[in-house]
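The values are calculated or read from the model by the stated rules, or taken from the named source; none is laboratory data. Here the structure is a predicted model, which means the values were calculated and not measured. Counting neighbours? That spans all protein chains shown, and the Cβs are built from the backbone with ideal geometry, glycine included. Please note that ligands, DNA and RNA were not included when accessible areas were found on the heavy atoms of the full protein model with its side chains. Shrake-Rupley method; radii C 1.70, N 1.55, O 1.52, S 1.80 Å.
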Amino acid sequence: MMEQLTLFDDREQTAPLASRLRPESLDEYVGQKHLIGEGKILRRLIERDQVSSMIFWGPPGVGKTTLARIIARQTRAEFVEFSAVTSGIKEVKEVMNQAEQNRRMGIRTLLFTDEIHRFNKAQQDAFLPFVEKGSIILVGATTENPSFEINSALLSRCKVFILKALEEADLTELLHHALRSPKGFGNQEIALEEAQLRSIARFSNGDARTALNTLEMAVLNGRMGEDAVIYVDGEILAQCMNRRSLLYDKNGEEHYNLISALHKSMRNSDPDAAVYWMYRMLDGGEDPLYIARRLIRFASEDVGMADSQALSVAVSVYQACHFLGMPECNVHLAHAVVYLSMAPKSNALYMACEACKEDIRERPAEPVPLVICNAPTGLMKELHYGEGYIYAHETQEKLSRMQCLPDALAGRRYYIPTEEGQEREVKKRLEEILEWKGQE
């Protein structure tokens, strides 16, 4: 009985497409031309075998691990690879000891550490003396900002290279290569239109692994025609691209980048951008109450007295999010985001707080003027506590000329209203009060 053969019977072909197509040289590598293009610094270091300790920082699927493997092939050093997810301090020390022995024998060790940001301080400290002595060339890969996640002492001894998300053109080129290469689908005829390949590239959001996985899924679910061609129709492709997981780490740098984008878009009165960044956060799994809390802060910090109703809207939206939760509360968040984007803007309250905070930090703690001190006891009255106090409600103007700031700060202005929105009337009222108080 003959055994039926399939496209993937070969052992090498059973590996995922992304693994089968992993480049083995700089010429095969796609993207990062700013680092490994002809004449660029990293390419020169690799070609001259002058690689020193370095950190590759970039989003998933842009080729950090692949580039480390290429360096290993082209450098005259022993290559050791382990992941921060599975390796503890014991494994780190064992590798370091072996690297030290290699150094004494004149052999360099290139240590590639994936997800180096997951190592704790003690584990990172274990690298330091061996990096300093040159026992190892440390190549770390991370999706997190090294400034936040890597010990400063270790970071200062490593060159940081930033790897960028791949361009749509790079990903389309990679997909064409996957269809042509014998390691990919080169031995099989696949019916895929150029527009479909571009659609996969666009969907992949700069991630080569996502692009190749999507292509592989589409081909494996395609229809085999009588002409032995695999046809991938639009419906199959749409199912393979049903949902994209956008890069978002609620505890990492991208978290702060997105909330910053939301704030700055609202501040710039751009409701479209603001709603987009808000939904990016929700799509990444952000707690809607966190976003609502930030909107409450924004209502006073950036809108303030220009539209005091903004604070009420933001608080109401927080309550609505608390009552309903996701996904229903998304429209409530959009309500507040658009309202705050379109509201007149004033940061006068924020500036008042900052100026006051600086005075309190830099100046001595000034005593409360006696005229506005409380005087509940006879002794305190004898010491002139509250002496000369004027109850504003008993005056015709509902004002008095008492000095309420300490003598050292007399005349100091913290709140400077703007001409924006409702604050224009507040400014007019304050100017009238100051003018009246200045009259003798």
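Values as computed for the structure displayed
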{"quantity": "Given (1) within 27 Å of R44 (Cα to Cα); (2) part of a helix (DSSP H, G or I); (3) open to solvent by 70 Å² or more (accessible area, probe 1.4 Å), index of the condition E81 fails", "calculated": "(2)"}
{"quantity": "Among (1) under 24 Å from H117 (Cα atoms); (2) part of a helix (DSSP H, G or I), the one test that P59 misses", "calculated": "(2)"}
{"quantity": "Conditions (1) in a helix (DSSP H, G or I); (2) more than 17 Å from the chain's Cα centre (by Cα); number of the one not met by S260", "calculated": "(2)"}
{"quantity": "Residues that are open to solvent by 20 Å² or more (accessible area, probe 1.4 Å) and either part of a helix (DSSP H, G or I) or out of contact with any helix residue (DSSP H, G or I) (no Cβ under 8 Å at 6 or more places or on another chain) (or both), drawn from region 269-287", "calculated": "P271, D272, A273, V275, Y276, W277, Y279, R280, D283, G285, D287"}
{"quantity": "Members of region 261-307 found to be farther than 25 Å from E423 by Cβ and in contact (Cβ under 8 Å) with a residue 40 or more places away in the chain, listed by number", "calculated": "V275, M278, Y279, L282, P288, I291"}
{"quantity": "Residue list for region 47-62, restricted to those being open to solvent by less than 20 Å² (accessible area, probe 1.4 Å), modelled with pLDDT of 85 or more and either out of contact with any Cys (no Cβ under 8 Å at 6 or more places or on another chain) or small (G, A, S) (or both)", "calculated": "S53, F56, G58, V62"}
{"quantity": "Conditions (1) open to solvent by less than 10 Å² (accessible area, probe 1.4 Å); (2) not in a helix (DSSP H, G or I); number of the one not met by A68", "calculated": "(2)"}
{"quantity": "Filter result (open to solvent by less than 20 Å² (accessible area, probe 1.4 Å) and at pLDDT 80 or above) within region 100-118", "calculated": "T109, L110, L111, F112, T113, I116"}
{"quantity": "Residue within region 331-349 that is in contact (Cβ under 8 Å) with a residue 12 or more places away in the chain and more than 25 Å from L262 (Cβ to Cβ) present", "calculated": "no"}
{"quantity": "Any hit, region 16-38, residues being more than 33 Å from the chain's Cα centre (by Cα), open to solvent by 20 Å² or more (accessible area, probe 1.4 Å) and at pLDDT below 85", "calculated": "no"}
{"quantity": "Breaking point among (1) at positive phi; (2) touching a Lys or Arg at 6+ places or on another chain (Cβ under 8 Å), for K345", "calculated": "(1)"}
{"quantity": "Enumeration of residues in region 114-167 that are of a type in the set (A, V, I, L, M), closer than 19 Å to H255 by Cα and outside any loop (DSSP other than H, G, I, E, B)", "calculated": "I162"}
{"quantity": "So M326, is it part of a loop (DSSP other than H, G, I, E, B) and in contact with a Pro (Cβ under 8 Å, 6 or more places away or on another chain)", "calculated": "yes"}
{"quantity": "Residue selected from region 400-428 under the condition among the hydrophobic types (A, V, I, L, M, F, W, C) and touching a residue at least 60 places away in the same chain (Cβ under 8 Å), by the criterion surrounded by the fewest Cβ atoms within 10 Å (Cβ to Cβ)", "calculated": "I416"}
{"quantity": "Check on Q124, more than 30 Å from T214 (Cβ to Cβ) and open to solvent by 20 Å² or more (accessible area, probe 1.4 Å)", "calculated": "no"}
{"quantity": "Hits in region 180-229 (condition: of a type in the set (V, I, T) and in contact with a Phe, Trp or Tyr (Cβ under 8 Å, 6 or more places away or on another chain))", "calculated": "T210, T214, V219"}
{"quantity": "Number of the condition not met by V337 [criteria: (1) open to solvent by 60 Å² or more (accessible area, probe 1.4 Å); (2) β-branched (V, I, T); (3) within 37 Å of the chain's Cα centre (by Cα)]", "calculated": "(1)"}
{"quantity": "Subset of region 350-375 that is of a type in the set (V, I, T) and in contact (Cβ under 8 Å) with a residue 24 or more places away in the chain - its residue that is least open to solvent (accessible area, probe 1.4 Å)", "calculated": "V371"}
{"quantity": "Cβ-Cβ under 8 Å pairs, at least 6 apart or on other chains, region 228-251 side over 17 Å from A191 (Cβ atoms) and of a type in the set (F, W, Y), far side at pLDDT below 80 and open to solvent by less than 60 Å² (accessible area, probe 1.4 Å)", "calculated": "Y248/E254; Y248/H255; Y248/G284; Y248/G285"}
{"quantity": "Residue tally, condition among the hydroxyl-bearing types (S, T, Y) and either under 22 Å from the mean Cα position of the chain (by Cα) or surrounded by 14 or more Cβ atoms within 10 Å (Cβ to Cβ) (or both), over region 154-188", "calculated": "2"}
